[in-house]
Amino acid sequence: MIHGIPRPSYCIPAKYPYHGSDPMPAPLRILGIETSCDETAVALLTLDGDDVRIERNLVSSQIPIHQIYGGVVPEVAARAHVLETVSLLTEALGDSWRDAFNAIAVTRGPGLSMALLMGLEAGKMLAILSGKPIFGVNHLEGHLASAWLNAENRLRWTFPLLALSASGSHSELVLMKDFGAYEHLAGTRDDAAGEAFDKTARLMGMPYPGGPQIAKLAEQGRVGTFPLPRPMLTDPSLDFSFSGLKTAVRQLWERSPEIFQDPQAKSDLAAEIQAAIVEVLVEKAARAVEIHGVRGVVLVGGVSANLHLRAEMQAMLNKRFPGTAFLPSDRAYVTDNAAMIAAAGAWHLRRGEQHDPLTLDIDPELGF
Ligand code: KG4
Ligand code: ZN
């Protein structure tokens, strides 16, 4: 079966060269491939005992293409992934491509179907042609693994951990009990945290992605000038809801459009938007730390690039949970990349887990 469709008989190779690997090679040299949304990424990661080395980390962003449309268009993204995957793989692997890696980790979901398919098929093809083992990675687990790429974080990586993963498409609180053993504690009921940044920025006339621009404007802004709600802050559930912020900013624009022309007022509004999102994220994380008594807090996803969020999370832990480690991913690895996919793949491959490339399929709705 291919994506639910029966495989035509002429598709089944008479001699199928793939044999996977048993036992897993050591050191593991993993080729990572990521194409779930708007970044095409290829990485080479070496796992040699406790030593983890990122040998190559190539990311080709489609942001300039999607800015033309004001968001990610799946069809456009998929076509760009085909071209970019080929060129990044060529650059990363070189002529002796078979010797450049001994295992493959590729994103299988969640994400845009067409985009996921491009990377997954490339990974499967390489696995079949090279006979090397392949693991289809959950993109959400990939984000968690981005924090593990940092050597200092690895030294303090003691389960159970709480992870806050906040990006343009997800805002999740996850209890990490072990590598590969997760309990999903909470998510967003509507917009993700990054979406709240992006949509409010758009209302303010700024292009996608809005998060970094709101953060920049907020540097000169004052919190409290234009009070905005802190959605779900007092709700007993750990869930998030950010769509009310977008509505509040839209209402402000309808009432007082002049604010959106004044540079200081725009900075003040940006500071308020950022403060509202960060306060909710940090408070819900604090509540989860209290309930689950974790040893550390992992902070990942595109929104974790936000310096105010990092500072507030660190301050909250220092004040309320001293001794709880703060484990943010390096800012270079917070947005989608293939090094984090290779790292998550490593967590499974080193235990001997692998997929059959003939049956490995995308899962656009994959959760924790
Ligand atoms: O993880 P990511 O690259 O893509 C998804 O999987 O969604 O995250 C992108 C998101 C965007 O919403 C972007 O606005 C947000 O991360 N972002 C930020 C910052 N840098 C990126 N949000 C707030 N502050 C930032 N500095
Ligand atoms: Zn992502």
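Over the C-alpha atoms of segment 101-216, what are the Rg and the largest Cα-to-Cα span, Dmax, in Å?
So, for segment 101-216, Rg and Dmax equal 17.2, 52 Å respectively.
By per-residue mean of other Cβ atoms within 10 Å, what is the highest-first order of 321-329, 208-216? Working shown, then result.
Working: 321-329: 17.6, 208-216: 20.2.
Highest to lowest by the protection proxy: 208-216, 321-329.
Which residues does the label zone of Ile68 cover in segment 74-100, counting backbone N under 14 Å from a point 7 Å along Cα→Cβ?
It comes to 74-81, nothing else.
Over the Cα atoms of the chain, Rg to Rh with Kirkwood Rh, two decimal places? Can you show the working numbers first?
Details: Rg = 21.4 Å, Rh = 21.4 Å.
Result: Rg/Rh = 1.00.
Where Rh is the Kirkwood radius over the Cα pairs of segment 247-321, the temperature 4 °C and the viscosity 1.567 mPa s, what D in µm²/s does Stokes-Einstein return?
On the way: Rh = 14.2 Å.
Here the translational diffusion coefficient equals 91 µm²/s.
Over the chain, with every protein chain in place, what whole percent of the accessible area is carbon and sulfur at 1.4 Å, could you tell me? Please report the intermediate quantities before stating the final value.
Working: 8600 of 15840 Å².
Accessible surface attributable to carbon and sulfur in the chain totals 54 percent.
Calculate, in nm to one decimal, what Arg53 and Gln251 gain on full extension: separation in residues at 0.36 nm each, minus their alpha carbon distance.
Working: separation 198, 0.36 × 198 = 71.28 nm, distance 4.92 nm.
Here the answer is 66.4 nm.
How large is the helix-only mean residue ellipticity at 222 nm for the chain, computed as the sum of -39500 (n - 2.57) over DSSP H runs with n ≥ 4, divided by its residue count, in deg cm²/dmol to the nearest 500? Display every interim value, and only then the final one.
Details: 11 runs with 148 residues, N = 368.
When only DSSP H runs of four or more count, the value is -13000 deg cm²/dmol.
For segment 217-258, what mean projected area does the convex hull of the alpha carbons give, in nm²?
Working: hull surface 15.9 nm².
About 4.0 nm², averaged over all directions.
In what sequence, highest mean first, do 33-42, 91-100, 112-121, 170-179 appear when ranked by Cβ atoms within 10 angstrom? Walk me through the numbers before you get to the answer.
Numbers: 33-42: 28.4, 91-100: 13.2, 112-121: 23.1, 170-179: 20.8.
Ranking the peptides 33-42, 91-100, 112-121, 170-179 by packing returns 33-42, 112-121, 170-179, 91-100.
Using the C-alpha gyration tensor of segment 290-361, what are the square roots of 5 times its eigenvalues, in whole angstrom, with the largest one first? Write out the running numbers ahead of the final one.
Numbers: eigenvalues 194, 55, 16 Å².
Square roots of five times the eigenvalues give 31, 17, 9 Å.
Please name which of Gly70, Trp347, Ser241 has its Cα lying farthest along the dipole of the chain towards the positive end, using unit charges on Cβ (Lys, Arg +1; Asp, Glu -1) and the Cα centre as origin.
So the residue furthest toward the plus end is Trp347.
Using only Cα atoms, what is the ratio of the radius of gyration of segment 164-265 to 2.2 N^0.38 Å? It would help to have the intermediate numbers written out before the result.
Numbers: Rg = 15.7 Å, N = 102, 2.2 N^0.38 = 12.8 Å.
Working it through for segment 164-265, the quotient is 1.23.
Considering only DSSP beta bridges whose two residues both sit in the chain, what percent are antiparallel, to the nearest 5?
Numbers: 30 of 49 bridges.
That works out to approximately 60 percent antiparallel.
One quarter of the convex hull surface, Cα atoms only: what value does that give for segment 26-81 in nm²? If you can, show how the numbers build up before the last one.
On the way: hull surface 17.2 nm².
The orientation-averaged projected area of the Cα hull of segment 26-81 comes to 4.3 nm².
Can you tell me, using C-alpha contacts under 8 Å and at least 6 residues apart, the relative contact order of the chain as a whole percent? Don't jump to the answer; show the numbers that get you there.
Details: 780 pairs, mean separation 91.7, N = 368.
The value is 25 percent.
Residues in segment 167-192 near a label at Glu353, defined as backbone nitrogen under 14 Å from the 7 Å Cα→Cβ point?
Hits in segment 167-192 for Glu353 at 14 Å: 176-183.
Between the alpha-carbon centers of segment 272-333 and segment 116-173, tell me the distance in whole angstrom.
About 20 Å separates the Cα centre of segment 272-333 from the one of segment 116-173.
Per residue, how much accessible area does segment 226-271 show when a 1.4 Å probe rolls over the protein heavy atoms, in square angstrom? Don't jump to the answer; show the numbers that get you there.
Details: 2290 Å² over 46 residues.
Heavy-atom SASA per residue in segment 226-271 reads 50 Å².
Give me the one-decimal nm value for the distance between modelled label points at His184 and Val223, 7 Å along each residue's Cα-to-Cβ direction.
The answer from the label model is 3.0 nm.
If you place +1 on the Cβ of every Lys and Arg and -1 on the Cβ of every Asp and Glu, how big does the dipole about the Cα centre of segment 255-367 come out, in debye to the nearest 20? Walk me through the numbers before you get to the answer.
Working: 11 positive and 15 negative charges, 120 e Å.
It comes to approximately 580 debye.
Over segment 245-368, what is the mean sequence separation of C-alpha contacts under 8 Å (at least six apart), divided by residue count, expressed as relative contact order in percent? Could the numbers behind the result be given before it?
Working: 62 pairs, mean separation 24.5, N = 124.
Value for segment 245-368: 20 percent.
The values are calculated or read from the model by the stated rules, or taken from the named source; none is laboratory data. Everything numeric in this text was worked out from a predicted model, so none of it was measured. Quick reminder, even Gly has a Cβ in these numbers, built from the backbone with ideal geometry, and neighbours come from all protein chains shown. Note: areas computed on protein heavy atoms with side chains; ligands, DNA, RNA excluded. Shrake-Rupley method; radii C 1.70, N 1.55, O 1.52, S 1.80 Å.
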